[in-house]
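The values are calculated or read from the model by the stated rules, or taken from the named source; none is laboratory data. Treat the numbers as computed from the prediction; the structure is a model and nothing was measured. Note: ideal-geometry Cβ built from the backbone for every residue, glycine included; neighbour counts use all protein chains shown. Quick note on the areas: whole protein, heavy atoms, side chains included, nothing else; ligands and nucleic acids left out. Shrake-Rupley method; radii C 1.70, N 1.55, O 1.52, S 1.80 Å.
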Amino acid sequence: MSSTASIAASPAAVSGGTPLRPEARTDIRPEIRPEIRADIRRVGKFFGSKLVLRDVSAQVLAGQALLVVGGNGAGKTTLLKIMAGLSRPTAGEIDLRVAPEDCAYLGHATFLYPRLSAVANLTFWGRMYGLSPTRAELEAVLERVGLVRVADEPAGTFSRGMAQRLNLARVFLIQPRLVFLDEPGTGLDPASQELLRREIEALKGAGAGVVWVSHHLTADLPCAESVLFLKDAGVAYFGPASGFDPASSGGGLLC
């Protein structure tokens, strides 16, 4: 009894001994990776004997937002201050790829002068960065944050939300290449929070790298390209925002 085996012809057999090779494609372009704006390498921080951060590494890319999340006491604000040069790490290093004058920081304090008008506050901050903005340029920035109608009113009369929007205008005025935002939505109503997200998209569109500490994860996550989740003083997740599952945090995002 005989059996028959099915043998597939090799490329050499089909071509008479010369192997067939696919034509080289000329339409494939190498992937262009965005420039690194900040490189965080194995950062650690102690306050006295208390460990706050341990072995934290991440990168901030041009035109992208890194969302930093975690529970109260996770070290988010501490990390942001270290990245912005406002605090020194106990270990590790921060490599900023932009000049100090191209960075902007927005923390919990508004840094506004209450007796100065909105326009005067912006003029002062502009000059601190070597800028001489015109009245029209100042009003354009105030228009972006919905404050142009109170341009000449003292900042001390503003509500918390209005003061925060003026603080945002200060950031937008200098057109930074690297932005640090520590809970910028604090004190903002839902409409103002949407305005904030649009302006963050505009910053990214202009090529800025954005580091964004947020407690509004559900609403802010779609605006981010990457997520850094801090838990138990370390990194529980660092990677694409699309791959981050808040439900997997085990309650670590409760604030």
Name the residue that is most open to solvent (accessible area, probe 1.4 Å), counting only residues in segment 102-126 that are free of Cβ contacts under 8 Å to residues at least 12 places away in the same chain and within 14 Å of Ala169 (Cα to Cα).
Phe124
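So for segment 215-226 (the condition being in contact with a Ser or Thr (Cβ under 6 Å, 6 or more places away or on another chain), modelled with pLDDT under 95 and not hydroxyl-bearing (Ser, Thr, Tyr)), does at least one residue qualify? Steps first, please.
Step one: of segment 215-226, the residues in contact with a Ser or Thr (Cβ under 6 Å, 6 or more places away or on another chain) are 220.
Subsequent filtering for residues that are modelled with pLDDT under 95 retains 220.
The next check asks that each one be not hydroxyl-bearing (Ser, Thr, Tyr); those that pass are 220.
Within segment 215-226, one or more residues are in contact with a Ser or Thr (Cβ under 6 Å, 6 or more places away or on another chain), modelled with pLDDT under 95 and not hydroxyl-bearing (Ser, Thr, Tyr).
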Any chance segment 164-171 includes a residue that's open to solvent by 10 Å² or more (accessible area, probe 1.4 Å) and hydrophobic (A, V, I, L, M, F, W, C)?
no
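When you scan segment 178-224, how many residues do you find that are acidic (Asp, Glu), closer than 20 Å to Thr110 by Cβ and surrounded by fewer than 17 Cβ atoms within 10 Å (Cβ to Cβ)?
To start, the set of residues in segment 178-224 that are acidic (Asp, Glu) comprises 182-183, 189, 194, 199, 201, 220.
After this cut, where a residue has to be closer than 20 Å to Thr110 by Cβ as well, the list is 182-183, 189, 199.
Cutting the leftovers down to surrounded by fewer than 17 Cβ atoms within 10 Å (Cβ to Cβ) gives us 189.
Final tally of qualifying residues: 1.
Within the bounds of segment 57-72, is there any residue that is among the polar types (S, T, N, Q), in a helix (DSSP H, G or I) and open to solvent by less than 80 Å² (accessible area, probe 1.4 Å)? Talk me through it step by step, then tell me what you get.
Restricting attention to segment 57-72, the residues satisfying the condition of being among the polar types (S, T, N, Q) are 57, 59, 64, 72.
Keeping just the survivors that are in a helix (DSSP H, G or I) gives none.
Checking segment 57-72: not a single residue is among the polar types (S, T, N, Q), in a helix (DSSP H, G or I) and open to solvent by less than 80 Å² (accessible area, probe 1.4 Å).
Say whether the condition of being among the basic types (Lys, Arg) and at pLDDT below 95 is met by at least one residue in segment 145-155. Break it down into steps so the answer makes sense when it comes.
Here is the first cut: in segment 145-155, the residues among the basic types (Lys, Arg) are 149.
Going one step further and asking which of them are at pLDDT below 95, we end up with none.
No: zero hits.
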Which of the residues belonging to segment 134-163 are open to solvent by 50 Å² or more (accessible area, probe 1.4 Å) and within 8 Å of Ala118 (Cβ to Cβ)?
Asp152, Glu153
Counting just the residues of segment 32-49 that are under 16 Å from Asp232 (Cβ atoms) and in contact with a helix residue (DSSP H, G or I) (Cβ under 7 Å, 6 or more places away or on another chain), which one comes out least open to solvent (accessible area, probe 1.4 Å)?
Val43
Does segment 81-97 hold any residues that are surrounded by fewer than 18 Cβ atoms within 10 Å (Cβ to Cβ) and assigned to a loop (DSSP other than H, G, I, E, B), and which are they?
Gly85, Leu86, Ser87, Arg88, Thr90, Arg97
Give me the pairs: first residue in segment 152-167 and within 16 Å of Leu196 (Cβ to Cβ), second residue of a type in the set (Val, Ile, Thr) and open to solvent by 40 Å² or more (accessible area, probe 1.4 Å), beta-carbon distance under 7 Å, and six or more apart or on different chains, which are they?
Gln164/Thr186
Ala136 - would you say it is assigned to a strand (DSSP E or B), at pLDDT 95 or above and of a type outside the set (Val, Ile, Thr)?
no
Residues within segment 108-161 that are aliphatic (A, V, I, L, M) and in contact with a Gly (Cβ under 9 Å, 6 or more places away or on another chain), tallied:
3
Pairs please, first residue from segment 196-222 and among the hydroxyl-bearing types (Ser, Thr, Tyr), second anywhere and open to solvent by 30 Å² or more (accessible area, probe 1.4 Å) and not in a helix (DSSP H, G or I), Cβ atoms under 7 Å, 6+ apart in sequence or on different chains.
Ser214/Glu183
